[in-house]
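What follows is a structure written as structure tokens; I'll ask about it next.
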Amino acid sequence: VGTLGCCLALLLLLPAARSVPHRQRRQPLGSGVGSQGAADSACKNRPLDLVFIIDSSRSVRPEEFEKVKIFLSEMIDTLDIGERTTRVAVMNYASTVKVEFPLRTYFDKASMKEAVSRIQPLSAGTMTGLAIQAAVDEVFTEEMGTRPANFNIPKVVIVVTDGRPQDQVEDVAANARTAGIEIYAVGVGRADMQSLRVMASEPLDEHVFYVETYGVIEKLTSKFRQTFCAANTCALGTHDCEQVCVSNSGSYLCDCFEGYTLNPDKRTCSAVDMCAPGRHECDQICVSNNGSYVCECFEGYTLNPDKKTCSAMDMCAPGRHDCAQVCQRGDGSYSCDCFEGFTLNPDKKTCSAVDMCAPGRHDCEQVCVRDDLFYTCDCYQGYTLNPDKKTCSRTTTSSLVTNDEACKCEAIAALQDSVTSRLEALSTKHILFLTYEVSEKLRAYQDRQQVV
């Protein structure tokens, strides 16, 4: 009976599905030739965060509890289970509460049904209020798998009980409803109807159910499968979503793959700019890469092993630069220079010897003589280099005589005058002899002067 009530309650979760005409829901898909498998592929329930709260107190006999588990498994078969569609959690309660599995655990039917088959009854009292509070505090949280509020995924609870709550359930249920949780109360057999009405959501005639036996569960499940079915536009291929189509109560919503975001047109997707400020951890350059990113470095830097930070390379290491003489390292770069006596060519790489005798480079007064990387000074003809090795002074020409030479000339002139006077006094016979004598003396004197 509890299982039947659960099923009836779940039927109320999909008013949009119930509004679909019976004839249309049973119509095969395709061009008139279809199958149950084809119909199932196009029938999906709207996404839900659905929590079953199952009473396993002493009043529930073991064989009844096993039927509840069978019912849960059949209900799972009717649901579109998945991370992006319907998520299911199961809670087991009596005097204590046990979360058999939360919303985040299973996203496939086989694993979920296997987990249901292992549930064991707790066989104690009936603390329904405690169970609802545990659902609010421990299950309907994002950490446990509940989708964020902006996803607009309904949060639904189906409570199945066959007795009267042994705690105060009214306030707890009211707080849960205020928090946005829709509560369906299913009473079985000896269940207290007033307690069911206290905990359920409004309108009560759509959220409170009472059943006496489990005998019609199988038929109810079959009926539920038909009622629950809504045309899945995503499966039919009539949508215009660029990447992901999510069926939603006979309609659909578009979504995007991880690393992409939905554009304002709600159909197409754009890769998330992972290199936007605050999204990456790159030290220098972030390169977006299909919804992800990789780090790179500026020229002259190399990526460290952490794949995030960069270190400056030694650009002056052998083989890294093309300087002819001197490489000067900068911050991740380098520049070329030359040895003393050389100058950097316009190509900023090679060097040429400096012309030390170019104007403005030397301090010679008259003549600069280049000598490899150095220079010496010289003077024009008629000048002599001064002791400072830079300036020049005019020299005496060959037509002039020094003071010593002038004295020597004066002596010769005096001797010649003396000889001339004596010659005038001598007789003619002695002229030739004296002339010869004077000539010999003069030659001898000149010879001595040359020796000197």
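The values are calculated or read from the model by the stated rules, or taken from the named source; none is laboratory data. On a predicted model such as this, the values are computed, not experimentally measured, just so you know. Cβ sites come from the backbone with ideal geometry, for glycine too, and all protein chains shown count toward neighbours. Side chains included, ligands, DNA and RNA excluded: accessible areas come from the protein's heavy atoms. Shrake-Rupley method; radii C 1.70, N 1.55, O 1.52, S 1.80 Å.
Would you please name the residue that is farthest from Ile153 (Cα to Cα), looking only at residues in the range 244-273 that are outside any strand (DSSP E or B) and open to solvent by 60 Å² or more (accessible area, probe 1.4 Å)?
Asp273
All but one of (1) open to solvent by less than 20 Å² (accessible area, probe 1.4 Å); (2) out of contact with any Lys or Arg (no Cβ under 8 Å at 6 or more places or on another chain); (3) under 23 Å from Gly125 (Cβ atoms); (4) at pLDDT 95 or above hold for Met112; which doesn't?
Here Met112 clears every test but (3).
For residues in the range 136-180 being under 33 Å from the mean Cα position of the chain (by Cα) and among the small types (Gly, Ala, Ser), which is modelled with the highest pLDDT?
So the residue we want is Gly145.
Here's a follow-up. Within the range 279-290, does at least one residue satisfy the condition of being surrounded by fewer than 15 Cβ atoms within 10 Å (Cβ to Cβ), in contact (Cβ under 8 Å) with a residue 24 or more places away in the chain and assigned to a strand (DSSP E or B)?
no
When only residues in the range 79-102 that are among the aliphatic types (A, V, I, L, M) and out of contact with any Leu (no Cβ under 8 Å at 6 or more places or on another chain) count, which is nearest to Met144 (Cα to Cα)?
The qualifying residue nearest to Met144 (Cα to Cα) is Val99.
Residue-wise test of (1) touching a residue at least 60 places away in the same chain (Cβ under 8 Å); (2) of a type in the set (A, V, I, L, M); (3) surrounded by fewer than 19 Cβ atoms within 10 Å (Cβ to Cβ).
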| site | (1), (2), (3) |
| --- | --- |
| Asn150 | no, no, yes |
| Val156 | yes, yes, no |
| Arg164 | no, no, yes |
| Arg177 | no, no, yes |
| Ile183 | no, yes, no |
| Val188 | yes, yes, no |
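Is it the case that the range 132-144 has a residue that's on the phi > 0 side of the Ramachandran plot, in contact with a Lys or Arg (Cβ under 7 Å, 6 or more places away or on another chain) and open to solvent by 20 Å² or more (accessible area, probe 1.4 Å)?
No, every residue in the range 132-144 fails to be on the phi > 0 side of the Ramachandran plot, in contact with a Lys or Arg (Cβ under 7 Å, 6 or more places away or on another chain) and open to solvent by 20 Å² or more (accessible area, probe 1.4 Å).
Continuing with the same structure: Output the number of residues of the range 288-332 satisfying the condition of being of a type in the set (Lys, Arg) and more than 30 Å from Met274 (Cβ to Cβ).
Going through the range 288-332 one residue at a time, the tally reaches 2.
Residue by residue through the range 325-376, note down the ones that are open to solvent by 50 Å² or more (accessible area, probe 1.4 Å) and β-branched (Val, Ile, Thr).
Hits for the range 325-376 are Thr343, Thr350, Val369, Thr376.
Taking Val97, is it in contact (Cβ under 8 Å) with a residue 24 or more places away in the chain, open to solvent by 30 Å² or more (accessible area, probe 1.4 Å), aliphatic (A, V, I, L, M) and touching a strand residue (DSSP E or B) at 6+ places or on another chain (Cβ under 8 Å)?
Yes: the conditions hold for Val97.
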